[in-house]
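Enquirer: Handing you a structure now.
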Amino acid sequence: MKKFLTLCSIVGVFSLVSCSVGINGIGNNLNFDFIKKDSETKTIDLKGIKEIKIDIAIGDCNIIVGDSEEAVIKTDCEYKAISEKKAQKALENTELRCEIKDDALHIDFINSETGKKLGNIRNNNLVNIITDIEVTLPDNFESFDISTDVGEIEISDFSGAFDISSDVGNVTAKNLTITGESNFDSDVGDIECIFENVAGTELEIKTDVGDIDLSLGGIEKSEIDMESNVGDISLDTQGKSYEEVSSKNDAMEWEKEILIDGKCKVEMKADLGDIKISK
């Protein structure tokens, strides 16, 4: 299964990247041998807000807890082009945009010439742009909306409601307390979640191609839905007892519903993959 998933993931990644290349106007058989790199750090006065929205086209995103009451955003960007001039222009025209609006901190990257967000415009400049980002926030943040088109997402040590999605890339969430309706999603990628508590809410974890690993600490009356079209699902109840409510296992899909400690309903579905429960 692991080998099959890896192959599917690679196929998926190349299919999506090929599609992205076509959309960006990049032709075939071109060499992107000219590379420019830069990094930047911004500090943002949060003015008491507790919500963040991040939208990245291509790049990894890491969200961590810091000691300051401000937000610190660090970027490492790479610009690959068919000429040094084009790589340098891409560097000069790529801008990290951080703004507070509608009681939330919004972060993305834009083209400074057009003012439009990277990834949402046709790029005829024959440049590939990768924008990795690390965001440090105070631990009182309580709402997280984070997405990447191609890139991994990592987040740890927060409490709140989470909407985390990557089209192509792994999602890793550790030591979180889920206090509001939350979603963790990847079209092509593994999802690993270690939760301190799921506090009386609804939680959805889904991937089209990839494995799901979930470890549950404390739980309250909650509903959890896990689904992988092609991949294994593993659930660790961390010693808590559970009872099987229903189970279906045939050649095309495997479905299982359990009740943990009589109060947390977990539904699992794997079309092509295994379902494993440990405690």
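Enquirer: Could you go through region 64-79 in sequence order and give the Karplus-derived ³J(HN,Hα) for each residue, using 6.51 cos²θ - 1.76 cosθ + 1.60 with θ = phi - 60°, rounded to whole Hz, and x for Gly and Pro?
Expert: Values per residue, Gly and Pro as x: 10, 8, x, 8, 7, 8, 9, 9, 10, 10, 10, 10, 10, 10, 9, 10 Hz.
Enquirer: Further, regarding this structure: Got a number for carbon plus sulfur as a percent of the chain's accessible area, 1.4 Å probe?
Expert: Values: 6000 of 13610 Å².
C and S atoms contribute 44 percent here.
Enquirer: Also, quick follow-up: Largest first, how would Glu204, Glu69 line up by accessible area (1.4 Å probe)?
Expert: On the way: Glu204 65, Glu69 130 Å².
The residues order as Glu69, Glu204, largest area first.
Enquirer: Any chance you could check the Cα centroid distance between region 56-97 and region 130-181 for me, in angstrom?
Expert: That distance is 17 Å.
Enquirer: How far is it, in nm, from the label point at Asp38 to the one at Ala104 when both lie 7 Å from their Cα along the line to the Cβ?
Expert: About 2.8 nm separates the two model spin labels.
Enquirer: Between the helical axis of 2-23 and the dominant principal axis of the chain, each derived from Cα atoms, what acute angle in degrees is found, rounded to the nearest 10?
Expert: The two axes meet at around 30 degrees.
Enquirer: A further question on this structure: Looking only at region 175-191, which residues have a backbone nitrogen under 12 Å from a spot 7 Å from the Cα of Ser246 in the C-beta direction?
Expert: none
Enquirer: Work out the FRET efficiency for Thr201 and Asp45 from their Cβ-Cβ distance, taking R0 = 41 Å, and round it to the nearest 0.05. Write down the numbers at each step before the final one.
Expert: Numbers: r = 31 Å, r/R0 = 0.75.
Given R0 = 41 Å and the Cβ-Cβ separation, E is 0.85.
Enquirer: Then there's this: For the chain, give the magnitude of the charge dipole about the Cα centre (Cβ charges: +1 Lys/Arg, -1 Asp/Glu; no others), in debye to the nearest 20.
Expert: Result for the chain is approximately 920 debye, rounded to the nearest 20.
Enquirer: Give Lys53/Lys265; Lys50/Lys116; Lys248/Lys269 a once-over and call out the pairs whose C-alpha atoms are over 19 Å from each other. Can you show the working numbers first?
Expert: Values: Lys53/Lys265 29 Å; Lys50/Lys116 26 Å; Lys248/Lys269 9 Å.
Among Lys53/Lys265; Lys50/Lys116; Lys248/Lys269, the Cα-Cα distance tops 19 Å for Lys53/Lys265; Lys50/Lys116.
Enquirer: Set the Förster distance to 22 Å, then compute FRET efficiency between Glu220 and Ile64 from the Cβ-Cβ distance, nearest 0.05. If you can, show how the numbers build up before the last one.
Expert: Working: r = 26 Å, r/R0 = 1.19.
Plugging the Cβ-Cβ distance into 1/(1 + (r/R0)^6) gives 0.25.
Enquirer: Relative contact order of the chain, please, whole-number percent, based on alpha carbon pairs below 8 angstrom and at least 6 residues apart.
Expert: Working: 778 pairs, mean separation 39.5, N = 279.
It rounds to 14 percent for the chain.
Enquirer: Loop only per DSSP, at most 12 neighbouring Cβ atoms within 10 Å: give me the chymotrypsin sites (Phe, Trp or Tyr not before Pro) in region 84-173, ordered by residue number.
Expert: On the way: sites: Phe109, Phe141, Phe144, Phe158, Phe162; in loops: Phe141, Phe158.
Sparse-neighbourhood loop chymotrypsin sites (Phe, Trp or Tyr not before Pro): none present.
Enquirer: Between Glu204 and residues 5 or more places away or on another chain, which pairs have amide H atoms under 5 Å apart, with H built 1.01 Å from N, and which residues are they?
Expert: Sorted by chain and number, the residues that satisfy this are Ser182, Asn183, Phe184, Asp225.
Enquirer: Using DSSP to define loop residues, name the GluC sites (Glu not before Pro) in region 94-187 whose beta-carbon has at most 11 other beta-carbon atoms within 10 Å.
Expert: Details: sites: Glu95, Glu99, Glu113, Glu134, Glu142, Glu152, Glu154, Glu181; in loops: Glu113, Glu142, Glu152, Glu181.
Qualifying residues, ordered by number: Glu113.
Enquirer: Can you compute the FRET efficiency between Lys174 and Lys85 using 1/(1 + (r/R0)^6), with r the Cβ-Cβ distance and R0 = 45 Å? Round to the nearest 0.05.
Expert: Values: r = 43 Å, r/R0 = 0.95.
Step by step, r from the Cβ atoms, then E = 0.55.
Enquirer: May I pose another question? Per residue, what accessible area does region 43-162 have, given a 1.4 Å probe and all protein chains present, in Å²? Could the numbers behind the result be given before it?
Expert: Working: 5640 Å² over 120 residues.
Each residue of region 43-162 exposes 47 Å² on average to a 1.4 Å probe.
Enquirer: Which entries in Lys221/Lys276; Lys47/Lys221; Lys85/Lys117 show an alpha-carbon gap greater than 27 Å? All intermediate terms of the calculation are to be shown ahead of the outcome.
Expert: Values: Lys221/Lys276 22 Å; Lys47/Lys221 34 Å; Lys85/Lys117 22 Å.
Those over the limit are Lys47/Lys221.
Enquirer: Go ahead and estimate [θ] at 222 nm for the chain from helices alone: -39,500 (n - 2.57) per DSSP H run with n ≥ 4, summed, over the residue count, rounded to 500.
Expert: Working: 2 runs with 32 residues, N = 279.
Theoretical 222 nm ellipticity from helices: -4000 deg cm²/dmol.
Enquirer: What is the spin-label model distance, in nm, from Glu255 to Asp76 if the labels are put 7 Å beyond Cα along the C-beta direction?
Expert: Reported label-point gap for Glu255 and Asp76 is 4.5 nm.
The values are calculated or read from the model by the stated rules, or taken from the named source; none is laboratory data. Bear in mind that the values here come from a model prediction, so they are computed numbers and not experimental data. Reconstructed Cβ throughout: ideal geometry from the backbone, glycine too, with neighbour counts over all protein chains shown. Just so you know, the surface numbers come from the protein's heavy atoms only, side chains and all, with ligands and any DNA or RNA stripped out. Shrake-Rupley method; radii C 1.70, N 1.55, O 1.52, S 1.80 Å.
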